[in-house]
1. Checking the condition part of a helix (DSSP H, G or I), at pLDDT below 95 and over 22 Å from Ala92 (Cα atoms), which residue from Ala17, Ala35 passes?
2. Does Arg69 count as part of a strand (DSSP E or B) and buried (at least 17 other Cβ atoms within 10 Å of the Cβ)?
3. Identify, please: which residue in region 57-105 is of a type outside the set (A, V, I, L, M, F, W, C) and in contact with a Gly (Cβ under 9 Å, 6 or more places away or on another chain) and is, among those, nearest to Val37 (Cα to Cα)?
4. Do we find that Thr43 is more than 22 Å from Gly90 (Cβ to Cβ), out of contact with any Gly (no Cβ under 7 Å at 6 or more places or on another chain), at pLDDT below 80 and β-branched (Val, Ile, Thr) in this structure?
Amino acid sequence: MTRILLGVLLFAAIGGAHAARTMEYVEGAYELTLADVQFPTTTNSAITFKACELCPPISLTVNAATEYRLGGQPLPLPELNATVAAWRSGGAQDSTAVAVFYDLGSKRVTRVVVVPPSSTP
């Protein structure tokens, strides 16, 4: 009987500690296709995209600290833009995913991840 009471008290104490935790979101993200995104041309400009077909365009600032990734590999912005231009001319606009991550407070883009189209090795 004492073990049961001790177990119930322990469970209540652990459950109460869990209830006090809260999560605070500090980063937001948009999942897009390549067709919906205009990439920045310089490190201190903006990335512009449409989050949905009927949505107005959204522009978020980028700076020198913004990371650009092709899949899991970091890539300088000029090389990313050249790769994206080649994919667009090859018709891979709808099969290429782009994730834009940004700081909720400043609305500054922290990283842009481009997932290559499935036909690209």
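1. The unique qualifying residue is Ala17.
2. Working: part of a strand (DSSP E or B): yes; buried (at least 17 other Cβ atoms within 10 Å of the Cβ): no.
It is false that Arg69 is part of a strand (DSSP E or B) and buried (at least 17 other Cβ atoms within 10 Å of the Cβ).
3. To start, the set of residues in region 57-105 that are of a type outside the set (A, V, I, L, M, F, W, C) comprises 57, 59, 61, 63, 66-69, 71-74, 76, 78-79, 81, 83, 88-91, 93-96, 102-103, 105.
Pick out the ones that are also in contact with a Gly (Cβ under 9 Å, 6 or more places away or on another chain) and you get 102-103.
On the way: Tyr102: 15, Asp103: 18 Å.
Only one residue fits best here, namely Tyr102.
4. The answer is no for Thr43.
The values are calculated or read from the model by the stated rules, or taken from the named source; none is laboratory data. Keep in mind it's a predicted model, so treat the numbers as computed, not measured. Please note: Cβ atoms are built from the backbone with ideal geometry, for glycine as well, and neighbour counts cover all protein chains shown.
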